[in-house]
Amino acid sequence: LGLLLSMGGKRGALMGLVLLITILGSFVMLAIHGIELQKISLGALFIALGMLVDNAILVTEGMLIGLKR
């Protein structure tokens, strides 16, 4: 919801979809490799997802600035 409000409809929905696909893909890969979800792996997943979202927001804003120029 925060992405939709701060970035607008299309961009926020796209970021939310990418985030959802990344989370699901991570859980699938953990299951395939037999890695149990423990506190450390869950914390690492949260940190990586935060970095993913932050990077995606910066890239999107950079593209918008480039288009406005």
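The values are calculated or read from the model by the stated rules, or taken from the named source; none is laboratory data. Everything numeric here is computed off the predicted structure, so don't read it as measured data. Don't worry about glycine lacking a Cβ; one is built from the backbone with ideal geometry, like all the others, and counts go over all protein chains shown. All accessible areas refer to the heavy atoms of the entire protein, side chains included, with ligands and DNA or RNA removed. Shrake-Rupley method; radii C 1.70, N 1.55, O 1.52, S 1.80 Å.
For the chain, the longest principal axis of the Cα atoms and the long axis of helix 9-32 meet at an angle of about 20 degrees. Using a probe of 1.4 angstrom and keeping all protein chains present, the accessible surface of the chain works out to 79 square angstrom per residue. Note on the chain: with neighbouring protein chains present and a 1.4 Å probe, carbon and sulfur make up 73 percent of its accessible heavy-atom surface.
Convex hull volume of the Cα atoms of the chain, normalised per residue: 86 Å³.
Comparing G25, L67, A48 along the charge dipole axis of the stretch 3-69, the residue lying farthest to the positive side is L67, per the Cβ-charge model. Computing FRET efficiency as 1/(1 + (r/R0)^6) for I65 and A44, where r is the C-beta to C-beta distance and R0 is 25 Å, gives about 0.20. Based on DSSP H segments of at least four residues, each scored -39500 (n - 2.57), the chain has a per-residue ellipticity at 222 nm of -30000 deg cm²/dmol.
To the nearest ten degrees, helix 39-68 and the longest principal axis of the Cα atoms of the chain are 20 degrees apart.
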